[in-house]
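Here the structure comes first, spelled out in structure tokens, and everything after it is commentary.
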Amino acid sequence: MTPALILACGNPLRGDDGLGGWMAAQVQEKFTRSQVEVVASQQFTPELAEPISTADTVIFLDCSAKEEPGKVSLQAMAPAEKLPRLISHHMHPATLLRLSQELYGRIPRHAYLITVGGKSFKMGSQLSDAVRDAGPAVLTLVDEIVQGANTLRWNLPGSEQLLVDESELTTV
Amino acid sequence: MSRTIVIDPVTRLEGHAKITLKTNGAGGVEEAYFHVTQVRGFEKFCEGRPFYEMPSLMARICGICPVSHLIASAKACEAILAVEIPPAAAKLRQLLNLAQMIQSHALSFFYLSSPDLLLGMDADKADRHIFGVVKAMPEVGRAGVQLRRFGQRIIEILAGKRIHPGWVVPGGVTEPLTVAKRDEILAMVPESCASILLALDAYKLVTDKFQEEAAVFANFPSMFLGLMPPDGGLEFTDGTLRLIDATGNIVLDGMEASSFDEEFGEAVEPFTFMKFPYYRKMGYPDGCYRVGPLARLNLVDYTGTPRADVELREFKALAEGPVLGSFYYHYARLIEIVHGIETIERILAEPDILDAHVRATAGVNRLEGSGVAEAPRGTLMHHYKVDENGQMLWANLVIATGQNNMAMNRGILQAAQHYVDGNRLTDGMLNRVEAVIRTFDPCLSCSTHAFGEMPMVVELVDPDGKHLDERRRDA
């Protein structure tokens, strides 16, 4: 079983959307392969359901177009109860968890989505300062989840609520 | 009273499109149009770039079949370099192209079309997606996910990443294959074989239920085009082009990519951004031909691998000559996956696959070059002109989906005339019209790469549909 699976998403040629790949490289450098498996892709695709089903903990990393630039958010994820109207070849993390459950009968004990608010999604491979400055906080969050899920404050997978105070997150 | 029925967007395909059906006073369909409503600019904005950047630039056209663009583009560049690539590089490109074909066909069959096939065209549309398939036949869902992972993982192993890899370059590939990588791919083969055989069984269980659809889903005589290697068999990467007619007679054979423009033209219509390629000798629209899995299997007498050849015989038994019904694109796709897995295993067993010499180098030796490869959806052409310094002066791409454009438009008219009653619409009727398009698995991102003065009609109509004014821009 994979102890922790990090699924990072984003297009490296669309400004802050490249956050996923940028963070994936840092996570890969920080941890050993026995601690984490890192998969960076442009979208969360249905094929990820299989590695998700064999992980103890899964962390989805993505940039958010809705959040304030640089704001780091952590959300515990549960399988989606309601499916989107159109489903083709990319999925929300909650939908992917449900696919994992329905295809393989298993989901990770802990599932989280970490997002960072993006500032610019224009063509280009540069991240904004706001997103770049959020990198250490994201890495700290990942570290805490990987190092000891049982000691975490937010160890309640299945809850849709934001489990950590936002102001606290940005200063982690 | 006549009526216009619009299906917008057409769902479960790559890109954005809509379908318009125009009915007569009795509710019968008289006209059908497949509109591709997006436009991009690849042929134009590459002008002025160094030609050796073209494979990487062109791969960005598509996230599903970037490998096809890489290969066709690299071959066009090699025509400019006037080099022959090392044998190991040619085989490695074959592996990469087959892996892409497998993942793309798996996406088309399992994620996009199997909801119609396994659940039924009239099933509740809330269930017509991969979750519905998983609920009805979980083992088929797992097979689809596994096959797509298999193809994508091979691309990642060989080329570094699954989407937009940069490993294929003019002259060959950037790195040879290692033993560890070869063994990792080989280890995935048995499970992939089991997955595709399971999918074939599932397809054969349900296919008899679709005889009515098979009869009217773009089922008409047309020509078929595809790549053929010198020694026959199914081929995706190298070889020359063959065109056959609707009875199987060879119309053109041994055609090099450089002759494509002499034999084939591209027409434009005001209702879509996608062009309409046609065989020049028969003119437009009589020179209609189809490409892709159905065409490729119609062109060959054997695939060249044992299990796929068993399936090919069954496929050939569907008709006396070429199989004309586009519904059978689905079956052809599954057979090509079988062939792809068997061929990957065969190529990896050859000792020279580990050869370290994988790239030829040269300068600009010609000012024009063309390259061709079989993309999952059919024949893909890249044609470039450069100056003496190798700067791009001009590019033309002829995309697989575009080459099926005429057939798709004729196909939706045929299906709509059979199924659609303009006086009483049902979701099942309209889903069948969309399903005709899905048999071709069109990739609209690829096919609307062009830039420039696109044909356009802007109509001004009043709330009652009365035509008030029109502005037309012809290409």
Rounded, prolate or oblate: which one fits segment B:87-199, using the alpha carbon gyration tensor with axes a ≥ b ≥ c (rounded when a/c is under 1.5, else prolate when a/b beats b/c, else oblate)?
prolate
When B:Asp387, A:Asp16 are arranged by how many other beta-carbons sit within 10 Å of their Cβ, fewest first, they go B:Asp387, A:Asp16
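Ranking B:Arg290, B:Arg366 by Cβ neighbours within 10 Å, fewest first, what do you get? List each step's numbers first, then the result.
Values: B:Arg290 29, B:Arg366 12.
Placing the least packed residue first, the sequence is B:Arg366, B:Arg290.
Step through the table entries A:Lys30/A:Lys71; A:Lys71/A:Lys119; A:Lys66/A:Lys122; B:Lys44/B:Lys275; A:Lys82/A:Lys119, compare each Cα-Cα distance with 18 Å, and write down the pairs that go over it. Intermediate values should be presented prior to the final figure.
On the way: A:Lys30/A:Lys71 22 Å; A:Lys71/A:Lys119 10 Å; A:Lys66/A:Lys122 15 Å; B:Lys44/B:Lys275 16 Å; A:Lys82/A:Lys119 30 Å.
Pairs exceeding the cut-off: A:Lys30/A:Lys71; A:Lys82/A:Lys119.
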Per-residue ellipticity at 222 nm attributable to helices in chain B (runs of n ≥ 4 DSSP H, -39500 (n - 2.57) apiece, nearest 500 deg cm²/dmol) works out to -12500 deg cm²/dmol
Loop sites in segment B:314-375: GluC sites (Glu not before Pro), DSSP, at most 12 other Cβ within 10 Å:
B:Glu320
Let me make sure I get this right: for chain B, a, b and c are the square roots of the gyration tensor eigenvalues over alpha carbons, sorted descending. Under 1.5 in a/c it's rounded, otherwise prolate if a/b > b/c, else oblate. Which is it?
oblate
Roughly what would the spin-label model give for B:Ala356 and B:Leu425, points 7 Å off Cα along C-beta, in nm?
6.5
For B:Lys316, the lysines lying under 19 Å Cα to Cα, once residues fewer than eight places off in the same chain are dropped, come out as B:Lys204
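Helix by helix, which DSSP H runs in chain B go 30 Å or more along their axis at the Cα atoms and have an average Kyte-Doolittle hydropathy of 0.0 or more?
Details: long enough: B:138-159 (31 Å, 0.05); B:179-206 (41 Å, 0.83).
Flagged H segments are B:138-159, B:179-206.
Just rank B:Ser222, B:Ser258, B:Ser114, fewest to most, by other beta-carbon atoms within 10 angstrom. Mind dumping the intermediate values first?
Details: B:Ser222 21, B:Ser258 16, B:Ser114 26.
In increasing order of surrounding Cβ atoms, one gets B:Ser258, B:Ser222, B:Ser114.
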Global geometry of segment A:1-146, whether rounded, prolate or oblate, following the gyration tensor of its Cα atoms and the 1.5 cut on a/c
oblate
The protein assembly as shown - share of DSSP beta bridges that are antiparallel (%, nearest 5):
70
Counting other C-beta atoms within 10 Å, and keeping those with at most 13, which DSSP coil GluC sites (Glu not before Pro) do you find in segment B:245-306?
B:Glu256
So what is log10(I(q)/I(0)) for the protein assembly as shown at q = 0.05, 0.06, 0.07, 0.10 1/Å, when the Debye sum runs over its Cα atoms only?
-0.23, -0.34, -0.46, -0.96
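Give the residue list of trypsin sites (Lys or Arg not before Pro) in segment A:1-66 that are DSSP loop and have at most 14 other beta-carbon atoms within 10 angstrom. Show your work: numbers first, answer last.
Details: sites: A:Arg14, A:Lys30, A:Arg33, A:Lys66; in loops: A:Arg33, A:Lys66.
For trypsin sites (Lys or Arg not before Pro) across segment A:1-66 that sit outside H, G, I, E and B with at most 14 neighbouring Cβ atoms in 10 Å, the list reads A:Arg33, A:Lys66.
Values quoted throughout were computed directly from the atomic coordinates according to the rules given, and no laboratory measurement underlies them. Bear in mind that the values here come from a model prediction, so they are computed numbers and not experimental data. Glycine also receives a Cβ, built like all others from the backbone with ideal geometry; neighbour counts cover every protein chain displayed.
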